[in-house]
């Protein structure tokens, strides 16, 4: 990777170290196939990872110093099929992985089914017909967006010419585990299907990068702020429903305190901090919460101030999620009023990652962001 870290990029597949550079922090993150920023020669910290984010942030001398012009590069190591020699994923190993769970199992099983279908030269239309469905059903199955039926998977394996007893047994064994329910199942009465899928991805991710244009990200919201935001979107909902929606949002935040918490890098527009959602007192508490969250070693928070002018994220909020399993692609998530988009195509995700990196370069540094948050608290 030109201008990157030769010592790190020499590591063998399936994972390399991809160097990211923003004004602060600068670090290297594990990435099997990603679009990243290459720092200038000599600027890469080598083995710095999530534990070094705070230390690196402390070395920044000025939050408003001239920002380096980032250079985009793509690292592609190809990855390996799940399991040995392209066989089925190891369900026991995934179950023991804190970042695993049914969502990852569905995605891996879907990916394996897609590969088998393509290797057999079977069209999605024909596969859908075989299981009494359609092309769209095959697409949902292959992307891990829906649960699997044992009969459907068995029929597809037969259609794809998978006759080996061990391979069939391994894949079919995953079906039951992949259909297990997440903690959010008890909120199914208020949880739309399109957001339920995101909760599974969020719980399985090892890196969550977000840009927020209007509100503070849900992982960092205080209860008072979350209630105010929820009421805005559900004005006619009864008090009991509002309580459950707020409870769901608070439960999501257990992820940050988990033993194997993901790295969360959140960039937000200054407008999200200036809008007094819930009133001045609620907003002050929310700003204080952001300062507390930013002090965690696995959390990075940056703000794009108004004085920067226009920025690359003017189109709206979005999230990019990355997973430990090298076989799983990054996912870009764009939430709408009554639905959401999940993008997995390489070009789409690369575009959003490029925008995310540029936003990080345009934003205040983490240290500068903390000072900025304190300034707003004094003004509120």
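The values are calculated or read from the model by the stated rules, or taken from the named source; none is laboratory data. Source: prediction; values computed, not measured. Don't worry about glycine lacking a Cβ; one is built from the backbone with ideal geometry, like all the others, and counts go over all protein chains shown.
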(message) I'd like to check something: does the stretch 337-345 contain any residue that is closer than 19 Å to residue 216 by Cβ and either modelled with pLDDT under 95 or under 15 Å from the mean Cα position of the chain (by Cα) (or both)?
(response) yes
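Would you mind stating whether residue 278 is surrounded by 15 or more Cβ atoms within 10 Å (Cβ to Cβ) and part of a loop (DSSP other than H, G, I, E, B)?
Spelling it out, residue 278 is indeed surrounded by 15 or more Cβ atoms within 10 Å (Cβ to Cβ) and part of a loop (DSSP other than H, G, I, E, B).
Assess whether residue 365 counts as being more than 15 Å from the chain's Cα centre (by Cα) and buried (at least 19 other Cβ atoms within 10 Å of the Cβ).
yes
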(request) Search the stretch 295-308 for residues being outside any loop (DSSP other than H, G, I, E, B) and in contact with a helix residue (DSSP H, G or I) (Cβ under 6 Å, 6 or more places away or on another chain), and hand back the single one that is surrounded by the fewest Cβ atoms within 10 Å (Cβ to Cβ). (result) 306
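Assigned by TED's automatic domain parsing to the domain that holds residue 212 and assigned to a strand (DSSP E or B), is that true of residue 268?
Numbers: assigned by TED's automatic domain parsing to the domain that holds residue 212: yes; assigned to a strand (DSSP E or B): yes.
Yes; evaluated as a whole, the condition is true for this residue.
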(request) Being touching a strand residue (DSSP E or B) at 6+ places or on another chain (Cβ under 6 Å) and surrounded by 15 or more Cβ atoms within 10 Å (Cβ to Cβ) is the filter here, so list the residues in the stretch 331-341 that pass it. (result) 331, 332, 333, 334
(message) With the structure loaded, tell me whether residue 349 is under 30 Å from residue 108 (Cβ atoms), in contact with a helix residue (DSSP H, G or I) (Cβ under 9 Å, 6 or more places away or on another chain) and assigned by TED's automatic domain parsing to the domain that holds residue 234 or whether it fails that test.
(response) no
(message) Step by step: first the residues of the stretch 253-265, then only those that are in contact with a helix residue (DSSP H, G or I) (Cβ under 8 Å, 6 or more places away or on another chain) and assigned to a loop (DSSP other than H, G, I, E, B), then the one that is surrounded by the most Cβ atoms within 10 Å (Cβ to Cβ). Which residue is that?
(response) 262
